[in-house]
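Notes follow once the structure below has been shown.
The values are calculated or read from the model by the stated rules, or taken from the named source; none is laboratory data. Values in this document were obtained by computation on a predicted structure and should not be read as measured data. Neighbour counts run over all protein chains shown; Cβ positions are idealised from the backbone, glycine included. Heavy atoms of the whole protein, side chains included, go into the accessibility calculation; ligands, DNA and RNA do not. Shrake-Rupley method; radii C 1.70, N 1.55, O 1.52, S 1.80 Å.
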Amino acid sequence: MSHKVLVIEDEPTLARLLSYNLTQEGYEITVADHGGEGLQTALQRSFDLIILDIMLPGMNGFDILNRLRQNGLRTPVIILTARNAEEEVVQGLKHGADDYITKPFGVAELLARVSAVLRRTQLQDDNMMPETTEKIITAGELSIYPDKYEVVLNGESIPLRPKEFEVLLYLVQRPGMVITRDDLMNVVWGFDYIGGQRTVDVHVSSLRKKLELGQQSVQIESIRGVGYKLVMHKKLVTPKS
C-alpha cells in the first residue's frame, strides 16, 4: 500500500514539483496551498508524512506544527526552509519537526529524506508493539513510560517532543556513560539521516531545560568535543531534630 503524503505549500511551481516527483515514486499526494486548509486536512485525514512550508498564507508552518503536536498528532513532518535560515531549522526542530529540506533542493535529496523519515517511523512503530503489561523505566526520580511517550520527574509530568523523548530514553538506559553525538544521531534519527549534528544539540538543549524543572535531580552534562551523559543526583535528606 502506497504511503499518503500531505504537501502544504502555496508556491504553485514548487507544489507541482513535489507532487509530480513523489507521485512518480508511488506516493499518494494531497496538496494544500493555504495554512488553515493544510491544518484542517492534516487533522481530519490520516497521512504517513507531512511536507510543510514555513511561509504560508493564513497560518505559518510553525503555528501549524504546534497545533498538530498539541492535538497529539505524531505524523512525521519535514519542513521546507530557506537557504541559510538556521533559525528556521532550529525553531522547526524545537516545535517537533522530524527533518528539514533547504530550498532550493534537488529531487534526489527530496526523495532520500522522505524515504529516510518514513523508514525511521516504521522502525519506531515496529518497536512499540503493545504488550500485556505497561512498561516503566525508572532512574532515580525519573519515570519513563515508553509505550505512552510520557515522562514523570519528581512526581511531575514533563511534556517532551517525540525526538526529545527518544534522546532521553537512550541516555537513561546508559546512565553515567558518555554518548557521542554520532551515537545519538544514528539511534534516534537513523544511519541514513542527512541532517547534521546541530539537530542533536538543539534537541538536547531543549530537553535539558525541561529537566531543570526537577531541581537538578537529573542533568545532561556536555562532554566537550565528544557528546553527552546523563547524571542523576540523590535528594538531600535533612535529618529530623
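Given the peptides 73-80, 86-93, arrange them by the average over their residues of other C-beta atoms within 10 Å, most packed first. It would help to have the intermediate numbers written out before the result.
Details: 73-80: 20.9, 86-93: 18.4.
Highest-to-lowest ranking by the protection proxy: 73-80, 86-93.
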How long are the three semi-axes of the equivalent ellipsoid of the range 1-90, in whole Å, if each is the root of 5 times an eigenvalue of the C-alpha gyration tensor, listed from largest down? 19, 17, 12
Note on the chain: helices (DSSP H) long enough, at least 27 Å by alpha carbon along their axis, and hydrophobic enough, mean Kyte-Doolittle at least 0.0, are 107-126
Determine, at each q value in 0.15 (inverse angstroms), the log₁₀ of I(q)/I(0) that the Debye formula gives when each Cα of the chain is one equal point scatterer. -1.06
Of all DSSP beta bridges with both partners in the chain, the antiparallel percent, nearest 5, is 50
What's the extension gain from residue 148 to residue 170 if we count 0.36 nm per residue and subtract their Cα-Cα distance? 6.4 nm
Computing the accessible area with a 1.4 Å probe over protein heavy atoms, can you report the carbon and sulfur percentage for the chain? 50
So how much slack lies between residue 66 and residue 105, counting 0.36 nm per residue of separation and subtracting their Cα-Cα distance, in nm? 11.5 nm
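What FRET efficiency comes out for the pair residue 219/residue 74, r = Cβ-Cβ distance, R0 = 25 Å, nearest 0.05? Present the calculation step by step, with values, prior to reporting the outcome.
Values: r = 27 Å, r/R0 = 1.10.
With R0 = 25 Å, the Cβ-Cβ based efficiency is 0.35.
With each run of n ≥ 4 DSSP H residues scored as -39500 (n - 2.57), what mean residue ellipticity at 222 nm is computed for the chain after dividing by its residue count and rounding to the nearest 500 deg cm²/dmol? Working shown, then result.
On the way: 8 runs with 91 residues, N = 241.
Taken over the chain, the calculation gives -11500 deg cm²/dmol.
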Mean accessible area per residue over the chain (1.4 angstrom probe, all protein chains present, square angstrom) is 53
Express in nm, to one decimal, how much length is gained between residue 14 and residue 28 on full extension, taking 0.36 nm for each residue of separation and deducting their alpha carbon distance. 3.3 nm
